[in-house]
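A quick write-up on the structure given underneath.
No value in this document is a laboratory result; all are computed from the given coordinates. Everything quoted here is computed from the prediction, not taken from an experiment. Backbone-built Cβ (ideal geometry, glycine too); neighbour counts: all protein chains shown.
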Ligand SMILES: NC(=O)c1ccc[n+]([C@@H]2O[C@H](COP(=O)([O-])OP(=O)(O)OC[C@H]3O[C@@H](n4cnc5c(N)ncnc54)[C@H](O)[C@@H]3O)[C@@H](O)[C@H]2O)c1
Ligand SMILES: [Zn+2]
Ligand SMILES: [Zn+2]
């Protein structure tokens, strides 16, 4: 067992705290990782606000890269010193999704079996089964994806959640392809990832929509060909106007509220696709004329983690980043210390950052 400093959320809406936690030695199938960098994702804030579950205390942080410190019994494909990006999709291989050859939907992903705890023994719930706002964390070995150690941890760690979710929402779930028109509503870290993904996939028009002009400016750097300020104009009309009056082939909702989903629904062309990647809160309701759902045709999809397979997608995207084809480094707005996570939530709330990334010196 080892003791490390970590960021813990102890109750709904309460500011997070830096405290000392106990991280067990890895048991069978587990790995302990020295975290080098961990991005602050909106989902961490959803956890703190009780929007995901009420299993406090949470060990926050889940968008991370680090070096394997030690591995447990039976772990043969990983060794101390390996540079890894942590993932929350360690596929089981045996659930009904995996058995049908759809491991990207795995319904029974692996996490560490042993709990990390507060100093008094209270078990922690690690965010998305990771918990990486910590100097070290315990995960299942399958949650460690080896990538090129020459890559910068603060940058490639972002593939562990938000960037992968965003890129994958456009490419894997939405099947953006050459010649498509793609609109992305909400260009924070995740939505900008979708913009970058659509760009990588060869989309012809990429329309970034946000209420914040700074986000729109940044979206251009990720490949947006057009921008719409939804605080100033009607997003649906603006997207239609930019697509010859028809609507986009693919609209990604990276906000996840009824208003933006409805906009996405009506801003797509007939037979087009909507992908919901933003996470709604439990009380939200959607009302749509069922005849419109029928008559507009196409596909209404949700994207969990960009339908990614970490072992397939992380090394590939790291390589594309290193080739200069995916500007991953531009998602890192600032690097911060562990005790600045609460401050980073405030900045995220004010819309000042794409990603604040905790780095460990
Ligand atoms: N599905 C998944 O696997 C997955 C993974 C990671 C994050 N998420 C979710 O994705 C969402 C976005 O995360 P993020 O980290 O990018 O958050 P963020 O706070 O960085 O970005 C949200 C963006 O939406 C914009 N916005 C808010 N309301 C808007 C509106 N009405 N119209 C247009 N734009 C609006 C904001 O200005 C901001 O730029 C969150 O709900 C998060 O929980 C989902
Ligand atoms: Zn499975
Ligand atoms: Zn996340």
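Quick notes
- The listed peptides 286-295, 128-137, 111-120, 234-243, ordered by packing as a protection proxy, come out as 128-137, 234-243, 111-120, 286-295 (highest mean of other Cβ atoms within 10 Å first).
- Estimated inter-spin distance, residue 259 and residue 246, nm [label 7 Å along Cα→Cβ]: 3.0
- Angle in degrees between helix 189-200 and the longest Cα principal axis of the chain, rounded to the nearest 10: 60
- Simple label model, 7 Å out from Cα along Cβ direction - residue 122 to residue 73, nm: 3.2
- Under 11 Å from the residue 204 label point (7 Å along Cα→beta-carbon), backbone N, the range 163-186: 178-182
- Pair residue 270, residue 1: separation of 7 Å Cα→Cβ label points (nm): 6.6
- Placing a label point 7 Å from the Cα of residue 221 along the Cα-to-Cβ line, the residues of the range 22-50 whose backbone N sits under 20 Å from it are 38-42.
- Helices in the chain, meaning DSSP H runs of at least 4 residues, each add -39500 (n - 2.57). Divided by all residues, the mean residue ellipticity at 222 nm is -6500 deg cm²/dmol.
- Residue 292-residue 105 FRET efficiency (beta carbon distance; Förster radius 25 Å; 0.05 resolution): 0.35
- Across the chain, C-alpha contacts under 8 Å between residues 6 or more apart give a mean separation that, scaled by the residue count, equals a relative contact order of 17 percent.
- If you take the Cα centroid of the range 40-119 and the Cα centroid of the range 243-270, the two points sit 32 Å apart.
- Scattering profile of the range 215-272 at q = 0.29 Å⁻¹ [log10 I(q)/I(0), Debye over alpha-carbon scatterers]: -1.34
- Relative to the dominant Cα principal axis of the chain, helix 310-322 is inclined by about 70°.
- Counting DSSP beta bridges with both ends in the chain, the antiparallel % (nearest 5): 55
- Part-to-part distance (alpha-carbon centres) for the range 135-196 and the range 283-331, which is given in Å: 9
- For the range 175-237, the convex hull drawn through the C-alpha positions has a volume of 67 cubic angstrom per residue.
- When peptides 209-218, 61-70, 185-194 are sorted by average Cβ neighbour count within 10 Å, with the highest value leading, the order is 185-194, 61-70, 209-218.
- Size of the range 166-303 as Cα extents on the principal axes (Å, biggest first): 38, 30, 27
- Only Cα pairs under 8 Å and 6+ residues apart enter the sum, and on that basis the relative contact order of the range 166-303 stands at 23 percent.
- Zero-based 20 Å bins, Cα pair distances in the chain, whole percents: 31, 57, 11, 0
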